[in-house]
Amino acid sequence: MTLFTWGRVRHFPHLPPPVPRYFDVASDARVLAHCYWHPRPREHATLIGLHGLEGSSQAHYMKGLAEKAYGAGLNAVMLNQRNCGGTEALSEGLYHSGLSDDPRAVIAELIQLDRLPAVGIAGYSLGGNVALRLAGDYGPDTPPEVQAIVAISPTMNLGLCVEALERRSNLVYEWNFVRNLKSRMRRKDQAWPGLFDLGPLDSVRTVREFDERFTAPHHGFRDADDYYYRASSLRVIDRVRIPTLIVSAEDDPFVPPEQFDDPDVRANPHIAVQVTPYGGHCGYYAGAAAGFDGYWAERRIVEFAREHCQAGVPGD
């Protein structure tokens, strides 16, 4: 199902053209969001989408989520991680799997400047870890406007997930991730000549090697293992204080389901965990029916957001 949904051509006939918006999230970083606003945005709840490793706001699951959210009366803000979506020139640095500061800055602007009354966050894979990390980082100080978190196939325990990715059966997935990571670093070098030493890049063959040589040192981690430990949302999951849904699948090739049995997850009354027998990694194709394109996780996100982000949604 992972490969099926990755390779399937999708169309979004009910999705209006996006409004690009840039957010200054740090002194050296700007990120791009593709926004789908209703005519009076403050009268609607807003769903923020966070994509996975080397994805973008234009990934099929992000556009599918935006279409379903918009059709359900929500504003949709599909956010790019730093350097993603063709934005390498906008930020001096790189993103990493636990960088919750960027969505936090975006949310603060949407609440303070746009005065949006209700916000939900949905993340896929790496974005799921970021969303859960954000909720944990907020802890008891979560803004009242932030009312729901959904994480689809989240890499909560980064070390465990990287170990799973390194299995021989996952060779095609890792090859694809590494290929994209290396291509992005070359584009980054074109935008910021000489900022990064690309000497080791050609020898990188795994995600772990990439993180060891680029991600970890750039962000001040001791090494890849230190990065995986410190960036994992599992370290702060006990601090989550808002309604949170985690969805994953037993047959996910590189997000082992046992991480969701961690006592800090199961003991948190704010967190619901749904592990399905099938679904792959961010797949969850249930078969199309009248008025539904079959992408079940996108629909589940919107249902959860509408249930918990009530303020200002017409008809609620």
Checklist entry - From the Cα gyration tensor of segment 93-196, with a ≥ b ≥ c the square roots of its eigenvalues, which class applies: rounded if a/c is under 1.5, or else prolate if a/b is larger than b/c, or else oblate? => result oblate
Checklist outcome for this item: Expressed in µm² per second, the diffusion coefficient of segment 7-128 from the Stokes-Einstein equation, with Rh the Kirkwood radius over alpha carbon pairs, at 4 °C and 1.567 mPa s, is 90
Checklist entry - Remind me, relative contact order of segment 192-289 in percent, using alpha carbon pairs under 8 angstrom and six or more residues apart? => result 23
Next on the checklist: Need one number: % antiparallel among DSSP beta bridges in the chain, to the nearest 5.
Outcome noted: 35
Checklist outcome for this item: For segment 153-285, the Cα gyration tensor yields equivalent-ellipsoid semi-axes (√(5λ), largest first, whole Å) of 30, 18, 13
Checklist outcome for this item: Under 5 Å from the placed amide H of ILE121, counting only residues 5+ away or on other chains, we find ILE48, ALA148, ILE149, VAL150
Item to check | Proportion of all alpha-carbon pairs of the chain beyond 35 Å (%) | outcome: 14
Checklist entry - If contacts are Cα pairs under 8 angstrom and at least 6 residues apart, what is the relative contact order of segment 119-223 in percent? => result 21
Checklist entry - In Å, what is the Rg of the alpha-carbon atoms in segment 5-58, and how long is Dmax? => result 13.9, 39
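Quick note: the coordinates plus some simple rules give every number you see, no bench work behind them. Please read these numbers as outputs of a predicted model, since none were measured by experiment.
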